[in-house]
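The block underneath contains the structure these notes are about, expressed in structure tokens.
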Amino acid sequence: MLISQWRHRFEALVNDRWLVFVCAMWVQSVAGVGYIFGGSMSPAIKTALGYDQRQISVLGVAKNLGDAIGFVSGALSEAFPPWVVLLVGAAHNLVGYGVVWLVVSGLWPRLPLWMLFIAIFLGTNGETYYNTASLVSCIQNFPDSRGPVVGILKGFSGLSGAILTQVYSMFNPRNDSSVILMVAIGPPIVVLALLFIVRPVEGHGENRPSDNLRFLVIYGFCSVLAVYLLGILILQNLFDLTQTVITIFGAALVILMVVPLLIPVASVSFCGKLKNATLEKVEGNSDVVDENEEENLVESSRESLPPFETRERRKQSCIGENFTLLQALREADFWLIFFSLILGVGSGITVIDNLGQICYSLGYTNTKIFVSIISIFNFLGRVAGGYFSELIMRKLVLPRPLAMSVVQAIMAFGLAYYAIDCPGKIYVVTILTGMGYGAHWAIAPASVSDLFGLKSFGSLYNFQIVALPIGSFVFSGLMASNIYDYFARKQAGPSETEPLVCVGSVCYSVTCGIMSVVCLVAVVLSLTVVFRTRRFYLRLHE
């Protein structure tokens, strides 16, 4: 009897959607290897291979493209189970960065730049498979809590760079190329360990009264994790910590990451007696489930889903039904969200990509603290954005895209604050832009899943990601860099030297002013979606 109870309890834990969610959080914690490319991997590559900054920039483009192009992972998620998607992503990660490590460490002969470009693209592209499998699985398990699910998972993806860096520091590596080895084998090991756990759990998609409490517990954990990481980063920047202290901090971080596992364990433990009693009753009557009962169970699970998520669809899809990517591309609401995303995240990534240069232009020599601040608030923005959008939709009965217009307005304020040269502008723009940028990646995917269904969510989500490189190219690559060079040449005068250096708030005040207006345009686009979808969200609430 005892063995049977433990067996049923273990089966209940394995099939618990909260276990899937926690494991997806762990996958996302290693799904942002691209975030440590500029700070850790590129210096090792540059030193070992003797590359100049132009060649490193080319490899940076490969990293950005690999992180943004996820059409294949989206298509795979529609045709294969999540474990196949995760396995392909782990293979990409291992092979791509494995080749880079072999070359940098000298175990392989030096390869041409274009081959390293392909290897880094392939390695970073594994992230899109991790993201797709995690988000698709968890949104299907929690269809009524899409905002919190997307926000928390994307939050851990954004925080993965800080997590991987702290874990790497524990081992005190002697060789700079060791960080590439960790990136090559670390994430695949984690993903392979969780390969068959991260998946949709059938018959458990309905909302439950205890879900809100459990999400609040996870939000609390996220807050503690963010404060802990920020504290570590501040201490490392202010003091010369010994390796023993760094190892203790890293070990404590690993232990802290295991804490959310208590949620599914407690869920199974508290509900175990009731479940075991039910199972024993079923086993006592018959070892085989009657076919009629099984049909009734399937029909009941269908009825438990909201009308816009049912599998039977008319040929002409309406907002809220399951759209394919091609069908969504014919909808004005999809493009309004996409262009609003380009403007919003394009403005945010411009500040993130140029933050070091912004700090130097203002006279700050220690830029690491601001990089750490914007990373932490990027994480908090993703987590809070998901919660905020769910609150707007569930409690205020307003369209979820309204949350995106609010964060875009906040970003516009922060950028305008910098543009008019107000006191403490670097702190204001860092915090508000970091939070606003992160919130976009929680609100926009959840909004798209509301309006265009879950069946092709993997493809829809990966199409949205393309907004990032487009926005980065237009606002950072073209606009911000040219404005910076213009003022640098103006300051240099006739004695123009290379490299060009601009000093003062004027270097980026014009850029921030333009991007503030851009964010206001994004607000208008988001509010247009709000106006067009208000009736749908009202019916959804009813």
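Here are a few things to note about the model shown:
Residue-by-condition table, conditions (1) hydrophobic (A, V, I, L, M, F, W, C); (2) open to solvent by 30 Å² or more (accessible area, probe 1.4 Å); (3) part of a loop (DSSP other than H, G, I, E, B):
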site	(1), (2), (3)
Tyr461	no, no, no
Asn482	no, yes, no
Phe487	yes, yes, no
Cys502	yes, no, yes
Thr511	no, no, no
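- Exclusive hit being closer than 18 Å to Lys154 by Cβ, among the aromatic types (Phe, Trp, Tyr) and modelled with pLDDT under 85, set Tyr35, Tyr51: Tyr35
- In region 82-98, the residues that are open to solvent by less than 60 Å² (accessible area, probe 1.4 Å) and either under 19 Å from Tyr461 (Cβ atoms) or polar (S, T, N, Q) (or both): Pro82, Val84, Val85, Leu86, Val88, Gly89, His92, Asn93
- Condition check for Ser301 on (1) at pLDDT below 75; (2) assigned to a loop (DSSP other than H, G, I, E, B); (3) surrounded by 12 or more Cβ atoms within 10 Å (Cβ to Cβ): one failure, at (2).
- Residues of region 518-538 that turn out to be buried (at least 22 other Cβ atoms within 10 Å of the Cβ) and among the polar types (S, T, N, Q), as a count: 2
- Total residues in region 105-152 satisfying the condition of being of a type in the set (A, V, I, L, M, F, W, C) and more than 17 Å from Gln55 (Cβ to Cβ): the figure is 12.
- Qualifying residue in region 39-52 (condition: of a type in the set (Phe, Trp, Tyr), over 23 Å from Thr128 (Cα atoms) and buried (at least 17 other Cβ atoms within 10 Å of the Cβ)): yes
- Among the residues of region 146-159, not a single one is surrounded by fewer than 23 Cβ atoms within 10 Å (Cβ to Cβ) and either modelled with pLDDT of 90 or more or not charged (D, E, K, R) (or both).
- Counted as qualifying within region 1-69 are the helices (runs of 4 or more DSSP H) with 1 or more residues that are closer than 30 Å to Trp114 by Cβ and under 14 Å from the mean Cα position of the chain (by Cα), namely 53-68.
- When the criteria are applied in full, Gly453 meets the requirement of being out of contact with any strand residue (DSSP E or B) (no Cβ under 7 Å at 6 or more places or on another chain), on the phi > 0 side of the Ramachandran plot and crowded, with 19+ Cβ neighbours inside 10 Å.
- Residue within region 442-455 that is free of Cβ contacts under 8 Å to residues at least 12 places away in the same chain and either under 27 Å from Phe156 (Cα atoms) or touching a Leu at 6+ places or on another chain (Cβ under 7 Å) (or both) present: no
- Among the criteria (1) touching a helix residue (DSSP H, G or I) at 6+ places or on another chain (Cβ under 7 Å); (2) touching a residue at least 60 places away in the same chain (Cβ under 8 Å), the one Met182 does not fulfil is (2).
- Selection within region 62-79 - hydrophobic (A, V, I, L, M, F, W, C), open to solvent by 30 Å² or more (accessible area, probe 1.4 Å) and touching a helix residue (DSSP H, G or I) at 6+ places or on another chain (Cβ under 9 Å): Leu65, Ile69, Phe71, Val72, Ala75, Leu76
- Within region 463-474, the residues that satisfy the criterion of being open to solvent by 20 Å² or more (accessible area, probe 1.4 Å) and in a helix (DSSP H, G or I) are Phe463, Leu468, Pro469, Ile470, Ser472, Phe473, Val474.
- Summed over region 160-185, the residues that are among the small types (Gly, Ala, Ser) and modelled with pLDDT of 90 or more give a count of 1.
- Any chance Ala119 is among the small types (Gly, Ala, Ser), out of contact with any strand residue (DSSP E or B) (no Cβ under 9 Å at 6 or more places or on another chain), modelled with pLDDT of 90 or more and buried (at least 24 other Cβ atoms within 10 Å of the Cβ): no
- Filtering region 70-80 to residues that are in a helix (DSSP H, G or I) and either closer than 30 Å to Pro260 by Cα or at pLDDT below 80 (or both) leaves Ser73, Gly74, Leu76, Ser77, Glu78.
- Residue list for region 384-403, filter: part of a loop (DSSP other than H, G, I, E, B) and open to solvent by less than 70 Å² (accessible area, probe 1.4 Å): Val397, Leu398, Pro399, Arg400
- Matching residues, region 73-122, being charged (D, E, K, R) and touching a Gly at 6+ places or on another chain (Cβ under 8 Å): Glu78
- For Ser340, the requirement of being farther than 30 Å from Thr533 by Cβ, in contact (Cβ under 8 Å) with a residue 24 or more places away in the chain and in a helix (DSSP H, G or I) is not met.
- Top-ranked residue in region 364-383 [being open to solvent by 30 Å² or more (accessible area, probe 1.4 Å) and assigned to a loop (DSSP other than H, G, I, E, B); ranked as modelled with the highest pLDDT]: Tyr364
- Only one of Trp101, Trp114, Trp108 that is closer than 17 Å to Ala184 by Cα and surrounded by fewer than 16 Cβ atoms within 10 Å (Cβ to Cβ): Trp108
The values are calculated or read from the model by the stated rules, or taken from the named source; none is laboratory data. Since the structure is predicted, the reported quantities are computational estimates derived from the model, not experimental observations. Using ideal geometry, Cβ is built from the backbone for each residue, glycine included, and neighbour counts are taken over all protein chains shown. The accessibility values were calculated without ligands, DNA or RNA, using every heavy atom of the protein model including side chains. Shrake-Rupley method; radii C 1.70, N 1.55, O 1.52, S 1.80 Å.
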